[in-house]
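A.B. asks: One structure, as structure tokens, below. Some questions next.
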Amino acid sequence: MNLEVELERKLKELGHHNVSLSPLRSTNNTVFLVDPLDVVAKLKRGKNKKAGLELGVAHGLHELGAPVGAPAADFSRHHQIGDFELTFWKYYASKDPELISSEALSEALYQLHQCCAKLELKEQLPTCFERFNEVELLLEDQSALPYLENFDQRFLSELLQNLLSEAKEMASNIHFQLIHGEPHLHNILNVQATPKFVDWESACLGPVEWDLAYMTQDVVEAYPARISDQLISICRGLVSIAVATWCWRDVEVGDLRDHAEYHLNSLRTKYDN
């Protein structure tokens, strides 16, 4: 399927005939800038109805004044193109997010969490720990990770169980709320030195420490609220296990082998006694 042709066809159905599409990036999503509408079209493979949830969460947070990328005003719902979910978003001219100061990023994440706590969810979301159901299944199936050595697979599986147990015990006395789920730099726009969080497809319920696990230590130290450094450290380990597992599953794609080996080696350095 030629996604660009299909997207142009869908835009014509929606009444937009003279448009120009420019690809912005193509990782887990395929993204186009749509001129002259000044909107971004995001296509994600899947029919799991996450697109509607993502739009709803982003719209609600935008209405609350959160630092988020807003859905496109004239495209209020999601669409389907074959196996792809299609959503439209406001375009922001963005610079390298690594140029955002630690203080600005920390304050923006805090503001985001404040707004997340106020948002009334229209449907139940999974917790940040439920996302590891898939990771556990992969680590139990040697055929799913043929390029990962058996002893490495056992190491990741045992470490996952230990860290999950520790995290759940610590989090049992911590408030769960809506969180972004994956606020890494690819999901942050730098708009005039101000962060805007985008891509809410991993939105879930959990402690704010989960989101902070994606941040550098400078950002964590500047976060203006009481947090658990121990829980952040555990969550960082869990995130690294998940990334390692998913990269070993798709190790023949692009540079994922480099990422798979990096996370595996980092985990062994930190936890392999």
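A.B. asks: State all residues of the range 57-85 that are touching a Ser or Thr at 6+ places or on another chain (Cβ under 9 Å) and part of a loop (DSSP other than H, G, I, E, B); if no residue qualifies, say none.
C.D. replies: Within the range 57-85, 67, 72, 75, 77, 78 meet the criteria.
A.B. asks: Examine the range 97-114 for a residue that is more than 21 Å from the chain's Cα centre (by Cα) and either farther than 24 Å from residue 71 by Cβ or surrounded by fewer than 17 Cβ atoms within 10 Å (Cβ to Cβ) (or both), and state whether such a residue exists.
C.D. replies: Residues of the range 97-114 more than 21 Å from the chain's Cα centre (by Cα): 103.
Of the ones still in play, those that are also either farther than 24 Å from residue 71 by Cβ or surrounded by fewer than 17 Cβ atoms within 10 Å (Cβ to Cβ) (or both) are 103.
Yes, the range 97-114 contains a residue that is more than 21 Å from the chain's Cα centre (by Cα) and either farther than 24 Å from residue 71 by Cβ or surrounded by fewer than 17 Cβ atoms within 10 Å (Cβ to Cβ) (or both).
A.B. asks: Can you tell me which condition residue 8 does not meet? The list is (1) within 20 Å of the chain's Cα centre (by Cα); (2) acidic (Asp, Glu); (3) surrounded by 14 or more Cβ atoms within 10 Å (Cβ to Cβ), and all the others hold.
C.D. replies: For residue 8, the failing item is (1).
A.B. asks: Now a separate question. Residue 252 passes all but one of (1) within 23 Å of residue 148 (Cβ to Cβ); (2) charged (D, E, K, R); (3) part of a helix (DSSP H, G or I); which number fails?
C.D. replies: Answer for residue 252: the failing condition is (3).
A.B. asks: Given the conditions (1) over 20 Å from residue 144 (Cα atoms); (2) not in a helix (DSSP H, G or I), and given that residue 266 satisfies all but one, which numbered condition is not satisfied?
C.D. replies: The number of the failed condition is (2).
A.B. asks: In addition: Can you spot a residue in the range 30-44 that is of a type in the set (S, T, N, Q) and without any contact (Cβ under 8 Å) to a residue 40 or more places away in the chain?
C.D. replies: Residues of the range 30-44 that are of a type in the set (S, T, N, Q), as a first pass: 30.
Pick out the ones that are also without any contact (Cβ under 8 Å) to a residue 40 or more places away in the chain and you get none.
No, that holds for no residue.
A.B. asks: Let me ask something else about it. Can you name the condition, by its number, that residue 148 falls short on among (1) closer than 25 Å to residue 205 by Cβ; (2) surrounded by 13 or more Cβ atoms within 10 Å (Cβ to Cβ)?
C.D. replies: Checking residue 148 against (1) closer than 25 Å to residue 205 by Cβ; (2) surrounded by 13 or more Cβ atoms within 10 Å (Cβ to Cβ), the one that fails is (1).
A.B. asks: Right, another one. Restricting to the range 169-201, count the residues that are buried (at least 17 other Cβ atoms within 10 Å of the Cβ), under 14 Å from the mean Cα position of the chain (by Cα) and not hydrophobic (A, V, I, L, M, F, W, C).
C.D. replies: The number of residues fulfilling the criteria is 8.
A.B. asks: Which condition from (1) among the aliphatic types (A, V, I, L, M); (2) modelled with pLDDT of 95 or more; (3) over 20 Å from the mean Cα position of the chain (by Cα) is the one that residue 68 breaks?
C.D. replies: The single condition residue 68 does not satisfy is (3).
A.B. asks: So, one more: Quick one: how many residues across the range 198-235 are within 18 Å of residue 173 (Cα to Cα) and among the small types (Gly, Ala, Ser)?
C.D. replies: Looking only at that region, the number is 4.
A.B. asks: Now for a separate question. Which one is farthest from residue 50 (Cα to Cα), of the residues in the range 2-39 that are part of a strand (DSSP E or B) and hydrophobic (A, V, I, L, M, F, W, C)? Please lay out each step first, then the result.
C.D. replies: Our first condition is that a residue be part of a strand (DSSP E or B); within the range 2-39, this holds for 20-26, 29-35, 39.
When the remaining residues are screened for being hydrophobic (A, V, I, L, M, F, W, C), the result is 21, 24, 31-34, 39.
On the way: 21: 24, 24: 21, 31: 17, 32: 19, 33: 21, 34: 22, 39: 20 Å.
Among residues in the range 2-39 that are part of a strand (DSSP E or B) and hydrophobic (A, V, I, L, M, F, W, C), the one farthest from residue 50 (Cα to Cα) is 21.
A.B. asks: Quick test of your reading of the structure: residue 255 fulfils all but one of (1) over 23 Å from residue 56 (Cα atoms); (2) touching a residue at least 40 places away in the same chain (Cβ under 8 Å); (3) of a type outside the set (Phe, Trp, Tyr). Name the failing condition by number.
C.D. replies: Just one mismatch for residue 255, condition (2).
The values are calculated or read from the model by the stated rules, or taken from the named source; none is laboratory data. Just so it is clear, the structure is predicted and the values come from calculations on it, not from any experiment. Neighbour counts are summed over all protein chains in view; Cβ atoms, including those assigned to glycine, are modelled from backbone coordinates with ideal geometry.
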